[in-house]
Structures are given as structure tokens and as C-alpha cells.
Amino acid sequence: MLLSLCAFLPGASALKVTLYEESLCPSCRSYIQDVLAHLFANNMLDNVDLNIVAVGNARKDHEGNIKCQHGPKECLGNRIINCAIDLHPQMDVWFPFIFCLERHANHEPYFHRRTKICARKHGVDGQAILNCAHGPLGKELVEKAYNETAALVPAHTYVPWVVVDGLPLYAGDIYLQAIICVFIPESERPEACYKNPHPNSLASEMGRTQQSVAPLKTVAT
Ligand SMILES: *[C@@H]1O[C@H](CO)[C@@H](O)[C@H](O)[C@H]1NC(C)=O
């Protein structure tokens, strides 16, 4: 108990949560849309060091080029996500953008169009993100994401793959809310911590969550 309280003393490091995912994977999208968006909208990520590493199950071919599980469109989506986080490193800024980008899980995603719409809506630089995604920086960032994913111990076996302070959650990833809330001292715990985080209840709340996320934390620049 004392140890977990100490985590909140000034200078102590925040709980580190990393989502390893890929852009066109439906269950990754729903993890962002349901679990993470719910936590974000209810201030449960405020003391969390959240990161998204978007390369997922991509493999390298014989020439060392990254081949994405769902083809070149997914690679573009991954580059956009990694670029957005690199160019706007504050989670309050990049999360609403990525949430918006990944919101329309149709079979023919128009990443360029979505990037522009979501950038305008959330005050990020869409053109800079697209330039990054199509340039050497985007390539390097995905390479870095690939290296980081390949270095996971234990190795990831599927996506979404959620790691908290170095520990993979496996199927327990649906309990991320409870895991985070345990680390928040009782006196500072948001009310939402006491509500049922079961995925069924999240699914029924989804419409409401999606509507509430953008206006709650839209970034004004
Ligand atoms: C990724 O790993 C390879 C092989 O170890 C290395 O050559 C390359 O520089 C790394 N790339 C990045 C961007 O970290």
C-alpha cells in the first residue's frame, strides 16, 4: 500500500501503459474506442504514461521492408499514428486525434481525408503529420516501433497487446481500468473508477463515450 502511494509523490514515475497495435485491426480499434477512450474521457489516464506503438504483427521481407498484416493501407495508418505521437507528444493532444482517425472502421479507410478532418477538429498539424508519414521520419518511426515490438519479453502473440510497467496483460487487458484505479490514491480516485468496466457495459456506453470524448478534451491551439 505504501509503495503504491509513493508512486504519486512528486518526481516518482507514472504507471506506464503501452498499447501495441496496428491501424486496420478491428479489435485494436475497439480497444482504443471502448477501453482507452472511456478512461481518457473520465480522467483516468491523467497520471498514466500512455503510449501507442503502431506496427503490430507486421513482418520484414528479405530486403528488410516492413510488410503490414492488412497491406499498404495499414502501413500508412501506422505511419500516421506514429508520426502524430512523435510530432505532438502530449497525450492530451495525440489521443483525441488518433481516436478520431480510428473511429471509422470501414473497409476502405481514407487515411488522408481522416487525417485532415481529425487534425482540424483537434488542433494538430495534419499536413505535418502527412509529410512525416510519407517521408523518412515516418519510415524511421515505424522502424523504431518494429524494433520495440520485436524486443518485447515475453513476445507479443496477438494485437491489441497491452503492457503495464513491463507486464503483458494478456486477456486481462479489459481490466485496465481497475489496474490503473488501484494505483490512484483513494482520495484522488475519479468517480468513474467505481463503475463497472466490463466490456459489455462499455459497449452499451460506446455511443455516449464517443460523443463525449471530443468536446471534453478538444485541444485549442
Ligand atoms: C532497428 O533495429 C535494427 C537492427 O538491430 C537497427 O539496425 C536499426 O537502426 C533500428 N532502427 C531504429 C529506428 O531504431
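The values are calculated or read from the model by the stated rules, or taken from the named source; none is laboratory data. From a predicted model like this one, the values you see are computed outputs, not experimental measurements. Here the Cβ is made from the backbone with ideal geometry for all residues, glycine too, and neighbour counts use every protein chain on show. We work out accessible area using only protein heavy atoms, side chains counted, and drop any ligands, DNA or RNA first. Shrake-Rupley method; radii C 1.70, N 1.55, O 1.52, S 1.80 Å.
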Looking at region 134-155 only, could you name the residues that are outside any helix (DSSP H, G or I) and either within 11 Å of the ligand (Cβ to nearest atom) or open to solvent by 30 Å² or more (accessible area, probe 1.4 Å) (or both)? H134, A151, V153, P154, A155
Here is a list: L45, L50. Which entry is touching a Phe, Trp or Tyr at 6+ places or on another chain (Cβ under 9 Å), part of a strand (DSSP E or B) and farther than 24 Å from K73 by Cα? L50
Can you go through C75, C118 and tell me which one is assigned to a helix (DSSP H, G or I), surrounded by 14 or more Cβ atoms within 10 Å (Cβ to Cβ) and within 16 Å of the ligand (Cβ to nearest atom)? C75
Scan region 14-28 for residues that are within 18 Å of P96 (Cβ to Cβ) and either open to solvent by 10 Å² or more (accessible area, probe 1.4 Å) or assigned to a loop (DSSP other than H, G, I, E, B) (or both) and jot them down. S23
Which listed residue, of P89, P109, is modelled with pLDDT of 95 or more and not basic (K, R): P89
For region 65-77, does any single residue satisfy the condition of being touching a residue at least 12 places away in the same chain (Cβ under 8 Å) and either under 16 Å from N51 (Cβ atoms) or in contact with a His (Cβ under 7 Å, 6 or more places away or on another chain) (or both)? no
How many residues, within region 156-185, are farther than 22 Å from I81 by Cβ and open to solvent by 60 Å² or more (accessible area, probe 1.4 Å)? 7
Return the residue satisfying two criteria in turn: it lies in region 124-133 and is without any contact (Cβ under 8 Å) to a residue 12 or more places away in the chain and open to solvent by 70 Å² or more (accessible area, probe 1.4 Å), and of such residues it is nearest to the ligand (Cβ to nearest atom). N131
